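Chemist: A single structure is presented below for examination.
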Amino acid sequence: MGELIVRVIKGLNLVIGDHIVRSSDPYVVIRLGEQTRKTRVKKKTLNPIWDEGFTFTDVSYRDYSLVTVEVFDEDRFPKFKQKDFLGNAEIDLQPLLEESYPMATGKKVVAQSNNIYLAKDSLIVQHNHGRIVQDVCLKLGGVKSGLLEMRLEWQPKG
């Protein structure tokens, strides 16, 4: 068991959700098991900076293996209650969580071969007090373009 902190840093070159103004009002939805978190909406940008962290508690090494990320465009007209899809990705937590059993450091997660959504290789590094960190750059799936930069921090209990 432990705690997972997912920091959504920024989006790059997101697709246009509102073709009238040729921009988007993006936000990110993060899911881990039954837990869901959502960033704030960033108005009129294809390159949003969120820098928001979300804590997922009571994360079990055996129960959770994927973080699902979806990016949407908030509709300016609430009566439509429609959200435009701006892409999605999944992050395999196994390489990160395995670093704490046993403690190790410097594991490289190779883009494409380990995760089709990774835009570039990622390094998992152990920090003070057993905290394990992985910075990821994700290619958003289901759309023509878009990257999402995030940081995962795993703090095992005990």
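Laboratory data are not the source of any read-out in this text; all were calculated from the coordinates shown. This one's a predicted model, so the numbers in the text were calculated from it and none came from an experiment.
Chemist: Which entries in the list LYS10/LYS120; LYS38/LYS120; LYS120/LYS157 go over 21 Å, if you measure between the two C-alpha atoms of each?
Modeler: Long pairs (Cα-Cα over 21 Å): LYS38/LYS120; LYS120/LYS157.
Chemist: Stretch SER60-ARG151 to full length: gain in nm at 0.36 nm per residue minus the Cα-Cα span?
Modeler: Roughly 30.9 nm would be gained on extension.
Chemist: Quick one: what are the phi-derived ³J(HN,Hα) couplings along region 9-23, Karplus 6.51/-1.76/1.60 with θ = phi - 60°, whole Hz, x for glycine and proline?
Modeler: Karplus-based 3J(HN,Hα) across region 9-23 equals 8, 7, x, 9, 6, 5, 6, 6, x, 10, 6, 5, 9, 6, 8 Hz.
Chemist: Given H placed on each backbone N at 1.01 Å, which residues far from LEU46 in sequence or on other chains put an amide H within less than 5 Å of it?
Modeler: It is SER24, by chain and number.
Chemist: Amide H to amide H, which residues 5 or more places from LYS10 or on other chains are under 5 Å from it, using H placed in the peptide plane?
Modeler: TRP50, ASP51, GLU149
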